[in-house]
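J.: Input: one structure, supplied below.
We did not get these values from a lab; they are worked out from the coordinates using the rules stated. No experiment lies behind these values; they were computed from the predicted model shown. Every residue, glycine among them, receives a Cβ derived from its backbone with ideal geometry; neighbour counts consider all protein chains shown.
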Amino acid sequence: IAFEGCGSAHYWGRLAEEHGHTIKIIAPKKVTPYRQGHKTDKTDAQAIALAAQHNEIRSCPLKSIEQQTLQSMDSTRTFLIKQIRASQNHIRALVYEYGLTIKKGRTNLFKTVQEVLEEADNGFPLCLRVMLSELLELVRQQEEKLKVIEKEKRALASTIEPCQRLTAIEAIGPVGASKLYTALGDGRSFKNGREAAAYLGATPKQHSSGGKVVILGIDKKNMQKDLISTLYQGALSVICRLPEKPNTVKQQWLINLVQRVGRKRACIALVNKNIRTAWALLSSGQEYQSPLIQN
């Protein structure tokens, strides 16, 4: 049974698998070129059927309940972060209309608004003071909800054995490990680590013709941005703290890479390497081991 990747596709895929069917979930952008004429239910079904017959078109891995739960928590966490940022920016904009600017940072925001509310002769109307107080309380509530979600997610990830093994990799913490497990699963949907890295968008684009190979930058449109950005931040943290005298082969490789191509490109290379390593751990069930430099 072939599905187009959309809402509830994984639910119906799991249900079909329970009844003995083979499942193939295809990304919408892979189905669209096969659609003939206007977009209708009939033409969509025909396009899905045509796309499913091509073995070269890669299907999306079917997510388990465990993976989908982690993904739901991640999406809720991202939603709350956006809400908090939007609420803070709204408060800054309101205060700025009355000639007062607030410095960057959460601490400066709360401090300045409290000063505005406590000062009686600053020209702020009473109704605006009440509204600012309510908006500030809204930000606090959103932050508390975010802490609860993050605590529950960490507790769930700590009980999942593959996530525990992934956190042993340099530059991958609990958040990155849960995101990688959500995206890759047991790793059996991919032939090798290179295919997994390409699926997540950690490989460069290629535009080759007539035997001339042209390698471009990372394809930002087709990458899983939230996952790659998390892994990139972890990679940057590791690279910024590299010791002068490396202890492992990986540290030596990173030091040489930074000297040759720069810090940012080295971060992308480390993200790519970590995804391949994560695939190897998930598909084999082994523990992570970083080879030490032999003296």
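J.: Please turn the phi angles of segment 239-251 into ³J(HN,Hα) values with the Karplus equation 6.51 cos²θ - 1.76 cosθ + 1.60 (θ = phi - 60°), one per residue in order, whole Hz, x for glycine and proline.
T.: The phi angles translate into 5, 5, 10, 5, x, 5, 10, x, 9, 10, 5, 5, 5 Hz.
J.: For segment 130-219, give the magnitude of the charge dipole about the Cα centre (Cβ charges: +1 Lys/Arg, -1 Asp/Glu; no others), in debye to the nearest 20.
T.: That gives segment 130-219 a dipole magnitude of about 440 debye.
J.: Which of the aspartates and glutamates could a cross-linker bridge to Lys29, judged by Cα under 18 Å and excluding same-chain residues fewer than eight apart?
T.: Cross-link targets: Glu4, Asp41, Asp44, Glu56, Asp219.
J.: Continuing with this model, one more query. Take the chain, mark every one of the trypsin sites (Lys or Arg not before Pro) that falls in a DSSP loop and has at most 12 other Cβ within 10 Å, then report the longest stretch left between them, sites excluded.
T.: Answer from the scan: 105-187.
J.: Also: Under 5 Å between amide hydrogens, which residues at least 5 positions from Cys60 or on another chain qualify, with H placed 1.01 Å from N in the peptide plane?
T.: For Cys60, the qualifying residues are Ile25, Ile26, Ala27.
J.: Give the distance, in whole Å, between the Cα centre of segment 148-195 and the Cα centre of segment 230-289.
T.: Between the Cα centres of segment 148-195 and segment 230-289 lies a distance of 17 Å.
J.: Let me ask something else. Grab the beta carbon distance between Ser229 and Leu50, set R0 = 35 Å, and tell me the FRET efficiency rounded to 0.05.
T.: Efficiency, rounded to the nearest 0.05: 0.50.
J.: From the phi angles alone, apply the Karplus equation (6.51, -1.76, 1.60; θ = phi - 60°) to segment 99-107 and give each ³J(HN,Hα) in whole Hz, x where the residue is Gly or Pro.
T.: Along segment 99-107, the couplings run x, 10, 9, 10, 5, 5, x, 5, 4 Hz.
J.: Of all DSSP beta bridges in the chain, what percent run antiparallel (nearest 5)?
T.: Just about 60 percent of them are antiparallel.
J.: Follow-up. Can you tell me the convex hull volume per residue for segment 182-234, based on C-alpha atoms, in Å³ to the nearest whole number?
T.: It comes to 101 Å³ per residue, whole-number rounded.
J.: Moving on to the next point. First check a/c for segment 96-222, with a ≥ b ≥ c the square roots of the eigenvalues of its C-alpha gyration tensor; if it is under 1.5, answer rounded, and if not, answer prolate when a/b is larger than b/c or oblate otherwise.
T.: oblate
J.: If you average the sequence gap of Cα pairs under 8 Å that are 6 or more apart and divide by the length of segment 5-56, what percent do you get for the contact order?
T.: 29 percent
J.: If you don't mind, another one. Taking Cα centroids, how far is segment 122-142 from segment 92-119 in Å?
T.: 10 Å
J.: Summing +1 for each Lys or Arg and -1 for each Asp or Glu, what net charge is found among the other residues whose Cβ lies under 14 Å from the Cβ of Leu231?
T.: Charge balance near Leu231 sits at +2.
J.: Another question, then. Please list, in order along segment 196-213, the HN-Hα scalar couplings obtained from phi with the Karplus expression 6.51 cos²θ - 1.76 cosθ + 1.60 (θ = phi - 60°), rounded to whole Hz, x for Gly and Pro.
T.: Karplus-based 3J(HN,Hα) across segment 196-213 equals 5, 5, 5, 5, 7, x, 9, 10, x, 6, 10, 9, 10, 7, x, x, 9, 8 Hz.
J.: Give me the angle, in degrees from 0 to 90, between the Cα long axis of helix 126-158 and the longest principal axis of the Cα atoms of the chain, rounded to the nearest 10.
T.: Around 30 degrees separate the two axes.
J.: Given only helices, namely DSSP H runs of n ≥ 4 each adding -39500 (n - 2.57), what is the per-residue ellipticity at 222 nm of the chain, to the nearest 500 deg cm²/dmol?
T.: Calculated mean residue ellipticity at 222 nm is -20000 deg cm²/dmol.
J.: Another one. Name the GluC sites (Glu not before Pro) in segment 1-67 that are in a loop by DSSP and that have at most 16 other C-beta atoms within 10 Å, would you?
T.: Glu56
J.: Counting pairs of alpha carbon atoms under 8 Å apart in space and at least six apart in sequence, what relative contact order in percent does segment 1-124 give?
T.: Taking the mean separation of contacting Cα pairs over the length of segment 1-124, I get 18 percent.
J.: Next question. State the volume of the convex hull built on the alpha-carbon positions of segment 1-98, expressed per residue in Å³ and rounded to an integer.
T.: It is 149 Å³ per residue.
J.: Using a 7 Å offset from the Cα along the Cα-to-Cβ direction at both Asn192 and Cys240, what is the distance between the two label points in nm, to one decimal?
T.: Modelled inter-label distance: 3.5 nm.
J.: If you don't mind, another one. To the nearest 10 degrees, how steeply does helix 65-96 sit against the main Cα axis of the chain, on a 0 to 90 scale?
T.: Tilt of helix 65-96: around 30 degrees.
J.: Based on Cβ point charges of +1 for Lys and Arg and -1 for Asp and Glu, what charge dipole magnitude is obtained for the chain about its Cα centre, in debye rounded to the nearest 20?
T.: Computed about the Cα centre, the dipole is about 1240 debye.
J.: Now a separate question. At q = 0.19 Å⁻¹, what log₁₀ I(q)/I(0) does a Debye calculation on the Cα points of segment 150-295 give, no solvent, two decimals?
T.: Scattering profile of segment 150-295, log10 relative to I(0): -1.20.
J.: Give the relative contact order (percent, whole number) for the chain; include only Cα pairs under 8 Å separated by 6+ residues.
T.: This gives 15 percent for the chain.
J.: Still on this structure, please answer the following. Please give, to one decimal in nm, the separation of the simple spin-label points placed at Arg260 and Asn89, each 7 Å out from Cα toward the Cβ.
T.: Here the answer is 4.0 nm between the modelled labels.
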